[in-house]
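Trainee: Below you'll find the structure I mean.
Where a number appears in this text, it was derived from the coordinates with a stated rule and is not lab data. None of the values given here were measured: they were computed from a predicted structure. Here the Cβ is made from the backbone with ideal geometry for all residues, glycine too, and neighbour counts use every protein chain on show.
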Amino acid sequence: MLLMDEPSSQKQFSVKMPTDMPAADSKESADMENKTNGSVETKSTVENGQFPDPSEWAVTDVVDYFKAAGFEEQATAFKDQEIDGKSLLLMTRNDVLTGLSIKLGPALKIYEYHVKPLQTQHLKSNAA
């Protein structure tokens with residue numbers, strides 16, 4: 001899990017890979033394993049063991065999320081295209097792969113490991 005160092009008045013994003021999701025009642029913190037292009041695996045507390053719900057995020061929140069996820073270079077594409085949380089939740093795989101004009105490898109990781117799980121979590125939390 002990667003936490004951004006920011007003043008307490010700003011949001012902090014915890015980025016967790018889908019395969020690392022803890023049980024809803026578990027708490028964890030540990031080491032970080034660096035990999036290229038957002039495959040940074042770190043552990044931290046995730047509220048209720050779930051991804052955050054980005055439906056209220058501003059464009060800057062989306063950019064900060066992807067920077068925290070290890071996609072510093074690609075995060076600017078979300079800013080350039082003015083992708084806020086609601087827009088992020090509406091994005092298709094094709095939107096991410098072609099609409100953001102970013103390299104294919106990072107685009108695939110962004111969609112599969114971040115956008116799609118955020119969308120799934122949002123749908124589950126709103127269906128309940």
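Trainee: On the principal axes of its Cα set, how long, how wide and how thick is the range 60-128? Give whole Å, largest value first.
Mentor: In descending order, the Cα extents are 36, 22, 19 Å.
Trainee: Here's another thing I want to ask about it. Please identify the GluC sites (Glu not before Pro) of the range 47-128 that satisfy two criteria: DSSP loop assignment and at most 13 other Cβ atoms within 10 Å. Which are they?
Mentor: Glu82
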